[in-house]
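Student: For reference, the structure I am asking about is given below.
Computed from the coordinates by the stated procedures, all read-outs in this text should not be read as laboratory data. Please read all numbers here as calculations on a predicted model, not as lab measurements. Because the Cβ atoms are built from the backbone with ideal geometry, glycine has one as well, and the counts that use them run over all protein chains shown.
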Amino acid sequence: MSSATNTLERYYSRRAQEYEQIYLRDDPIRQGEQTAIAAEMRKIFQNRRVLETACGTGFWTEKIVDVAEHLVATDLSQEMLAIARSKKILNPVEFHQADAYQLGSVPGIFDAGLANFWFSHMPKVRIAEFLDEFHKKLSKGAVVFMADNVYIPGIGGELVTRPGIEDTFKLRELSDGSKHEVLKNYYSADQLQNIFAPRTRDLKIHVGQCLWWISYAL
Ligand SMILES: C[S@@+](CC[C@H](N)C(=O)[O-])C[C@H]1O[C@@H](n2cnc3c(N)ncnc32)[C@H](O)[C@@H]1O
């Protein structure tokens, strides 16, 4: 596991208890986009066998639990998984610890993939590695959904850029006062198109004011 992966996992483990506050922001546009994402996911994952990577506290897992046929939700952080499990989301969900870059040991056959708010945390140099690994677990014709943040200055900490480094970072402070520099990349619709179009079909990209979301088939 690379040290960047380690740092991210440690940050989220420490943030686990306060993580879902981000979904409660009192902003009608953001709330509307979250609702639109949930509605789209419910359509896409109807009767599907879903592999979710970087599921966190299971916030999005819960949104599709009654429409999916089967759901295996994975994350590297045991702290995040403990919260997800404590929600006692009923069948058909299984939670497993797994690194998004190493999904080989995750049991199951899947015709759908979900990875919300994970894409922005990958170093750009590892995008192809992740997509290859994720897609390997999915059958031909599988559908995939991802959502993530649009860059809004002043929201979610200060943006840090470094000369000669293509990734960007956010400075974040947790409620215990600890400070963290977290890898966080932002993408335009054109960049998403360039990344996903060559390896997928039926690509749909929606870029809202706060969030973007995409779906595609393999
Ligand atoms: C922004 S959170 C997203 C959580 C959830 N998908 C959501 O949208 O609410 C990013 C998640 O990635 C997880 N994570 C960090 N590194 C990971 C890795 N290498 N493999 C799998 N999950 C990882 C963190 O533990 C955290 O739960």
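Student: Tell me, what is the FRET efficiency for Ala38 and Gln102 to the nearest 0.05, using R0 = 25 angstrom and their Cβ-Cβ distance as r?
Tutor: My answer for the efficiency is 0.30.
Student: For a test of understanding, tell me how many lysine pairs in the chain have Cα atoms under 24 Å apart, given they are 8 or more places apart or on different chains.
Tutor: Close lysine pairs under the 24 Å cut-off: 23.
Student: I want to check the label-to-label distance for Asp190 and Ile165. Put each point 7 Å from Cα in the C-beta direction and report it in nm to one decimal.
Tutor: Each label point lies 7 Å from its Cα, and together they span 2.6 nm.
Student: Working from the alpha-carbon coordinates of the range 39-108, get Rg over Rh, Rh being the Kirkwood radius.
Tutor: Here Rg/Rh amounts to 0.94.
Student: To continue, here is another question. By its C-alpha gyration tensor, with a ≥ b ≥ c as the square roots of the eigenvalues, how is the chain shaped: rounded for a/c under 1.5, else prolate for a/b larger than b/c, else oblate? All intermediate terms of the calculation are to be shown ahead of the outcome.
Tutor: Values: a/c = 1.33, a/b = 1.20, b/c = 1.11.
Cα axes put the chain in the rounded bin.
Student: Starting from a Cα-only point model with no solvent, please compute log10 I(q)/I(0) by Debye for the range 100-211 at q = 0.19, 0.24 1/Å.
Tutor: Taken in order of the listed q values, log10 I(q)/I(0) reads -1.11, -1.46.
Student: Going by average Cβ density within 10 Å per residue, which order do the peptides 63-70, 26-33 take, highest to lowest?
Tutor: Output ranking for 63-70, 26-33: 63-70, 26-33.
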